[in-house]
Amino acid sequence: MLFLFLKVLNFKEMTKYHRYIPLKIPVSYTVFKNPIGLTGLIASSTGLLRIIYKLSNEDSMDNYLAQSTHAKVTKSPSEFKELIKQILKYFEGSLKYFDFPLDLRLGTQFQQIVWKKLNTIPYGKTRSYKWIASAINNPHASRAVGNANGRNPLPIIIPCHRVIRENGELGGYTGGINIKRFLLNLEQAN
């Protein structure tokens, strides 16, 4: 299994990349290791709310939750067992589609429309920001699509890494361009 070495984030950096929205609902969470580093998963009773990459340690996840959640927080690794198995299979190249309930409430209506359209991009393929904008019947919204991509709380599961610039350049990626390149290379190799 390949591992990508990345800079890990402290709480201040995490809130820069992972938009701070106070959660007022009970959530469960876990932290696990994978090829892109220590990753946190947060879920509501409805489904997966957020994936956080590049945790420096488990305490940084606890700190993030303490400052962003104003309700009951429960560490529950067993609740995420199936999803973790799917994510690890994805990194092995043997899983192309995830089957886990999602909770998209962290996004605006427009962001949710974009995120749902991202799930239609086939594994191993890419689409441009302009293509997404046209596909959601808003052809002049390429920049807004890029912003919605950057606010995607569920990277990998909602494959925002598959969106590139129309000229073929990678564009940005909240988790870092190295992770985007790694994910695209992983998918194109399988």
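Where a number appears in this text, it was derived from the coordinates with a stated rule and is not lab data. Bear in mind that the values here come from a model prediction, so they are computed numbers and not experimental data. Positions of Cβ are generated from backbone atoms using ideal geometry, with glycine treated the same way; all protein chains shown enter the neighbour counts.
Before moving on, here are some points about what is shown:
- Among H161, H140, the ranking by other beta carbons within 10 Å of each residue's beta carbon, starting with the fewest, stands as H140, H161.
- Whether the range 109-189 is rounded, prolate or oblate, judged on the alpha carbon gyration tensor where a/c under 1.5 counts as rounded: prolate
- Gain on full extension, evaluated as 0.36 nm per residue between K81 and K125 minus their Cα-Cα distance, stands at 13.1 nm.
- Sorting 73-80, 173-180, 148-155 by their mean Cβ neighbour count within 10 Å, with the most densely packed peptide first, gives 148-155, 173-180, 73-80.
- Helix axis angle, 81-92 relative to the chain longest principal axis, alpha carbon, degrees: 40
- For the cross-link pairs K24/K125; K24/K85; K33/K117; K81/K117, the ones whose C-alpha atoms lie over 32 Å apart are K24/K125.
- Relative to its residue count, the chain spans a Cα convex hull of 108 Å³ per residue.
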